[in-house]
Amino acid sequence: MPMRKIVMLGANARTQRSVSSIQLPSEYSPSASSAPYFNYSPSDFILDLRSHQKEEESYYQNGNSHNEDEEKKQLKHLLHERWENAKQYNAFNYSLNCMYKCLDGKYDLSMQLNIERGDLRRKPMHFKNIKEPFNHLRFNFTKLHDNEILFYLKCDSDPISNDPLDRHLVAVNASPLERDHSLIVPSVNKCNPQVLTLQAVRIAVDLMLLVDDDMFHILFNSLLGQASVNHLHLHAMYWPYDSDLINRKCEPLHDVPGVFVIRPPCWICPAIVFQLDCIENYEQFKMNIYKCVEHLTETNQAHNLFLARAQPIRTTGAEKEEDRRGERPQLVTCYVFPRMNMIGAKPPSNFNPAANELAGNLTSYTIRFFESANEQSVIRIIEEEASLDDDSFQSLCFDLADVLIGRTVGTSRPHDLDFLEGLTSPEIDELRDSFQSFMPRSPSIRHRNSTPRTHSEE
């Protein structure tokens, strides 16, 4: 039987990928791709990056060298090698040419200038809900070219999926923020919408445990939370500056063991915090993150996730403690940022508060904003476009405590909050405004209880 010839639309590689509506055939097999597999097992996990690096240094200082695993390339090196190799295939919209600066102030924010990303990245799609059905006619990751796929993921001893046909790939981000900025697409063949699954959480945690670099992060943006494509994906990237978020004191999430919250003024916006402090808690760690995100999704609450290596979480002591001597463990930590819903597609102007920005790693799309921005102006934008107000976050924390413990949602909520149940965030804001006089915004850093209008209300 003659092989069917598939003709791609468009004049060049970038145009083909952007306008083609041709899908991968159902019989497609990853063996047809030239991208390699990265095989790993739980024995490769690095729980504490600090102690691992010290052990590595001691190992090499004693004149030893790795012979037994010499043929097995580390994930970090494979990612970099394949990402650099993709340049020769015109896989990127532009060459990285970024400037950085650190903003003076309380939170040690860092800012990147990336004009090309603002100008050349794919136009964000318009969404109305957190859960929207997958649309084959819109751009999705089944349309990636082979030279854009870096590698596939496979866990040897504990399969990521029960379906042997599932393909979990890592691909280039055509409009990167930094070197090796890539996209993680779990079960690309399943065409799942941009809703975080337990399988996706597992892949994110596994990759964090496999990369021996404290500048490596994994991020997730939900729909209405700055996601631009409705096909399940996460971001894997490096950032050259530490987020000051990892140095901040947290507080317990009510009676839930091992789960914490951070809120202004300790940080620029509120978040739920999870940390993997021992490998025995691996399953519980993943499940807690998934239950949290699942609840946010079911309640139509936009959210962002930021995974990093952080020092052990503190609930006492100073508001901020840096590990300047490099003595404390560096543990995989997940920050979940519930946020205001952004209805519609917002074109990039100054910067868009997504997962990386809420963690203090900012990207400016204009030289004017890059030169003029300060901590106060950045926090003002985050408060207006992303940060939940105190009352909404407090109510959410009560409900999440119930979800994570296994109680009926609403059990922990004080009686004086019951009358808010069933109201949407805009309705709560309208109710609050009817009892409060108007107070003009001032560019101060202190936390405010008032909630500005969303773009959909303007």
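The values are calculated or read from the model by the stated rules, or taken from the named source; none is laboratory data. In this text, all values refer to a predicted model and were calculated from it rather than measured experimentally. For neighbour counting, all protein chains shown are included, and Cβ atoms are generated from backbone atoms with ideal geometry for every residue, glycine included. Keep in mind that these areas ignore ligands, DNA and RNA; they rest on the heavy atoms of the full protein, side chains included. Shrake-Rupley method; radii C 1.70, N 1.55, O 1.52, S 1.80 Å.
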>> As an exercise, use a Förster radius of 25 Å and the Cβ-Cβ distance of residue 104 and residue 215 to find the FRET efficiency, rounded to the nearest 0.05.
In response: 0.65
> Counting only protein chains, not ligands or nucleic acids, how are 316, 299 ordered by accessible area (probe 1.4 Å), most first?
Replying inline: 316, 299
>> Ranking request for peptides 139-152, 225-238: highest mean number of other beta-carbon atoms within 10 Å first, then the rest in descending order.
In response: 225-238, 139-152
> Which percent of the accessible area of region 69-193 is formed by carbon and sulfur heavy atoms (probe 1.4 angstrom)?
Replying inline: 47
>> Expected output is a single nm value to one decimal: the length gained when fully extending between residue 408 and residue 368, i.e. 0.36 nm times separation in residues minus the C-alpha distance. What is it?
In response: 9.4 nm
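Rounded, prolate or oblate: which fits region 204-299 when a ≥ b ≥ c are the square roots of the eigenvalues of the alpha-carbon gyration tensor, with rounded for a/c under 1.5 and prolate only if a/b beats b/c? List each step's numbers first, then the result.
On the way: a/c = 1.18, a/b = 1.09, b/c = 1.08.
Rounded shape, in that the Cα axes give a/c under 1.5.
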> According to a simple spin-label model (label point 7 Å from Cα along Cα-to-Cβ), what is the distance in nm between residue 281 and residue 119?
Replying inline: 4.7
>> For a Förster distance of 22 Å, can you work out the FRET efficiency between the beta-carbons of residue 132 and residue 93, rounded to the nearest 0.05?
In response: 0.30
> How do the peptides 269-276, 377-384, 127-134 rank, highest first, by the average count of neighbouring beta carbon atoms within 10 Å per residue?
Replying inline: 269-276, 377-384, 127-134
> According to a simple spin-label model (label point 7 Å from Cα along Cα-to-Cβ), what is the distance in nm between residue 198 and residue 315?
Replying inline: 2.7
>> Need the full-extension length gain, residue 300 to residue 325, defined as separation in residues times 0.36 nm minus the C-alpha distance. One decimal, nm.
In response: 4.7 nm
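Assuming a ≥ b ≥ c are the square roots of the Cα gyration tensor eigenvalues, decide whether region 40-196 counts as rounded (a/c under 1.5), prolate (otherwise, with a/b larger than b/c) or oblate.
oblate
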